[in-house]
Amino acid sequence: GQMERQLEGNNNKQRLKQQASTGSTDTLTEDPDVISDPTSDKQYVRGRLLGKGGFARCYELTESTSKVLYAGKIIPKTRISKPHQRQKLEREIHLHSQLAHHNVVQFLDYFDDDEHVYIILEICNKKSLMHTMRQRKTLTEPEVRFFLLQIIEGIQYLHSQNVIHRDLKLGNILVSDSMEIKLADFGLATRLEFDGDRKRTICGTPNYIAPEVLEKIGHSYEADIWAIGCVMYTMLVGKPPFEGSTLKETYSRVRNNKYNLPFSLHSSAKDLIKQLLNSKPEDRPGLEEILQHEFFTRGFTPTYLPPSVCHTAPRYA
Ligand code: ADP
């Protein structure tokens, strides 16, 4: 919607176009009410729709015997009819299924039938930070620290597994019932094969695209650091740093490192954002370094936030 474009930039326009061109059959195909996993004999009863992505619809699923609630991504096979689309999904499943960390959405299972591919995931009942930002517009510094700490911990884990997420954005940062951050959507993620390996291209358009990714000169883990900077900026300012009225304009701003730091931001927040949004990937701070920055060390970080922060600013007593 409008707010998503405002918060995450123009790439969504392009995604909508992609969706239209792949033939949006959302309203035509019926998703099954009960889903059976032939390999484990488990049955899942479909509940409410949690959200829609480029390929998938995501529902609440209840496992029949245990009554445990999961999130289930249902991907119509018509959406992955082209070999490269199928390969991309297979890579996403392969990569995600090997990950296990409390700040990464847990992958539990996948299976398929004639019409759909199903992916069973840990459920994140508090939706995404995109939803939170829609309601809140901006977050307070303590909240930003609270969320960023967990985002960084999740990214630290991914990088330790040689994985670059490459599409970190508010909509892919999910929140559990206990207000824990869970990184999601490994559709653009990749694993580096060896030390010093660099990727040249991405099959897709990351929202918070780093300049080195845009220029196709080779990119690595620092692309995620850039995205952390964009996420931090958006949480504090209420709009993304490089947003233009067209994708072309946004990309030109990214190339020229053209963004404004509102006067109202504290100097430590401004300083950290500047470091994260450095054009040169090699000059961006590492994850450990970010945590040592005075934005984190000098400011108060709550150990717990109530779910009410999804819609209302907390008052720190
Ligand atoms: P796609 O890979 O097709 O883009 P996404 O992974 O982005 O699909 O999922 C679509 C939407 O479903 C997300 O934006 C989010 O709102 C919701 N969603 C995805 N995974 C979960 C989950 N584990 N728990 C709750 N909601 C989820």
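Rule-based calculations on the coordinates, nothing more; no lab input. Remember, predicted model here, so these are calculated numbers, not experimental data. Cβ sites come from the backbone with ideal geometry, for glycine too, and all protein chains shown count toward neighbours.
Things to note:
- Of the strands (runs of 3 or more DSSP E) lying entirely inside the range 49-138, the ones with 1 or more residues being under 20 Å from the mean Cα position of the chain (by Cα) and near the ligand (Cβ under 8 Å from one of its atoms) are found at 57-63, 69-76, 116-121.
- Any hit, the range 167-175, residues being farther than 25 Å from Glu222 by Cβ, within 12 Å of the ligand (Cβ to nearest atom) and not in a helix (DSSP H, G or I): yes
- Looking across Arg91, Arg134, Arg79, one residue alone is surrounded by fewer than 18 Cβ atoms within 10 Å (Cβ to Cβ) and farther than 18 Å from Leu49 by Cα. It is Arg91.
- Looking at Ile202, Ile217, just one residue is surrounded by fewer than 21 Cβ atoms within 10 Å (Cβ to Cβ), more than 14 Å from the chain's Cα centre (by Cα) and within 16 Å of the ligand (Cβ to nearest atom), and that residue is Ile202.
- Taking the criterion of being away from the ligand (no atom under 15 Å from the Cβ) and either touching a helix residue (DSSP H, G or I) at 6+ places or on another chain (Cβ under 9 Å) or in a strand (DSSP E or B) (or both), the residues of the range 32-48 that qualify are Val34, Ile35, Ser36, Asp37, Lys42, Gln43, Val45.
- For the range 239-266, a residue qualifies if it is without any contact (Cβ under 8 Å) to a residue 40 or more places away in the chain and β-branched (Val, Ile, Thr), but none of them does.
- Some residue of the range 227-245 being among the hydrophobic types (A, V, I, L, M, F, W, C) and surrounded by fewer than 21 Cβ atoms within 10 Å (Cβ to Cβ): yes
- Figure legend. Inter-residue proximity from the range 267-286: first residues closer than 9 Å to Glu222 by Cα, second residues of a type in the set (Asp, Glu), beta-carbon distance below 6 Å, spacing 6+ or different chains. Indicated pairs: Pro281/Glu212; Pro281/Glu222; Arg284/Glu222.
- Qualifying position, being within 23 Å of Gly286 (Cα to Cα), without any contact (Cβ under 8 Å) to a residue 24 or more places away in the chain and touching a helix residue (DSSP H, G or I) at 6+ places or on another chain (Cβ under 9 Å), among Leu214, Leu236, Leu183, Leu188: Leu188
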